[in-house]
């Protein structure tokens, strides 16, 4: 008999074996990491990491990360789904359905981002709808990164800087307003500037910021925040020679060039090779495409499930302001 239960100490060993089978990343089966990732407080049990069991054997899982979202001025308790997996021997036996049904009981809305093709098919079966998120961008700090993205690794090209960096430096000479690291509380002030009445986006309260921005042992680097006196701000983390801009606030589109220059200066000694980020602004997107930034062919897709007919109507043909803070990439 298949049962859905919450992850806890009694299932740690069985789950570790399951995780080893389907993930190469070691942390996927480490209990302390799982309790942290799914925002558990007492590290004894969690209501946000669901397991499918056949007796004592783990045969499937679904992770949930609690969040709040703003829907045109109304704040709703929600959850991001991630880390979905079903044992190959049990696929086609409604295991995913049982996991989804349990998850949907917990919050009024369940979200997901960029599901794979097989997962998209699965989600459609369980009444998920889809909306557009932002476009993904990549900025290479050297010419080698451009070719590496296409599958060619010419090492000598990694020594040649992206010529647009010189342009950004010249622009910044006339601005003379450098970014400095700021605290999490200062960053939260920028969150208040979002246009809540005309947008759909995640709300990052202090509890969320404390969890997402603090590093966690060797598993997660944490998020740094930077601001300047012009009222611009950005957050992000550095990993594997790349900087992921999790979110940013700028006054003018040209301010984004200052962010790129700031990141390059901050991580120059660590041989930074690229920046990744997302943009929901078509005006900024157009500027970036003519400034050495590479736009990915497909934009972020947001999946959502809710039984609330009013929400379903509100979400039709809308876009979600999605950031790397909403993603579980790198965590």
**Request:** Check the range 96-117 and report whether any residue there is under 18 Å from residue 323 (Cα atoms) and assigned to a loop (DSSP other than H, G, I, E, B).
**Result:** yes
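From the list 14, 83, 78, which residue is on the phi > 0 side of the Ramachandran plot and either in contact with a strand residue (DSSP E or B) (Cβ under 8 Å, 6 or more places away or on another chain) or free of Cβ contacts under 8 Å to residues at least 24 places away in the same chain (or both)? Steps first, please.
Values: 14 fails: on the phi > 0 side of the Ramachandran plot; 78 fails: on the phi > 0 side of the Ramachandran plot.
From the options 14, 83, 78, the qualifying one is 83.
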**Request:** Just give me the residues in the range 269-290 being more than 16 Å from residue 163 (Cα to Cα) and either out of contact with any strand residue (DSSP E or B) (no Cβ under 6 Å at 6 or more places or on another chain) or assigned to a helix (DSSP H, G or I) (or both), in sequence order.
**Result:** 269, 270, 271, 281, 282, 283, 284, 285, 286, 287
**Request:** Taking the residues in the range 47-56 that are in contact with a strand residue (DSSP E or B) (Cβ under 6 Å, 6 or more places away or on another chain) and in a loop (DSSP other than H, G, I, E, B) as candidates, determine which candidate is modelled with the lowest pLDDT.
**Result:** 47
**Message:** Quick check on the range 296-305. Is at least one of its residues under 22 Å from residue 166 (Cα atoms), under 23 Å from the mean Cα position of the chain (by Cα), at pLDDT 90 or above and in a strand (DSSP E or B)?
**Reply:** no
**Message:** Take residue 69 and tell me if it is surrounded by fewer than 19 Cβ atoms within 10 Å (Cβ to Cβ), under 28 Å from residue 201 (Cα atoms) and touching a strand residue (DSSP E or B) at 6+ places or on another chain (Cβ under 7 Å).
**Reply:** no
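Okay, residues lined up against (1) surrounded by fewer than 16 Cβ atoms within 10 Å (Cβ to Cβ); (2) farther than 18 Å from residue 241 by Cβ:
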{"residue": "266", "(1), (2)": "no, no"}
{"residue": "269", "(1), (2)": "yes, no"}
{"residue": "273", "(1), (2)": "no, no"}
{"residue": "276", "(1), (2)": "no, no"}
{"residue": "283", "(1), (2)": "yes, yes"}
{"residue": "304", "(1), (2)": "no, yes"}
{"residue": "310", "(1), (2)": "yes, yes"}
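The values are calculated or read from the model by the stated rules, or taken from the named source; none is laboratory data. Keep in mind it's a predicted model, so treat the numbers as computed, not measured. Quick reminder, even Gly has a Cβ in these numbers, built from the backbone with ideal geometry, and neighbours come from all protein chains shown.
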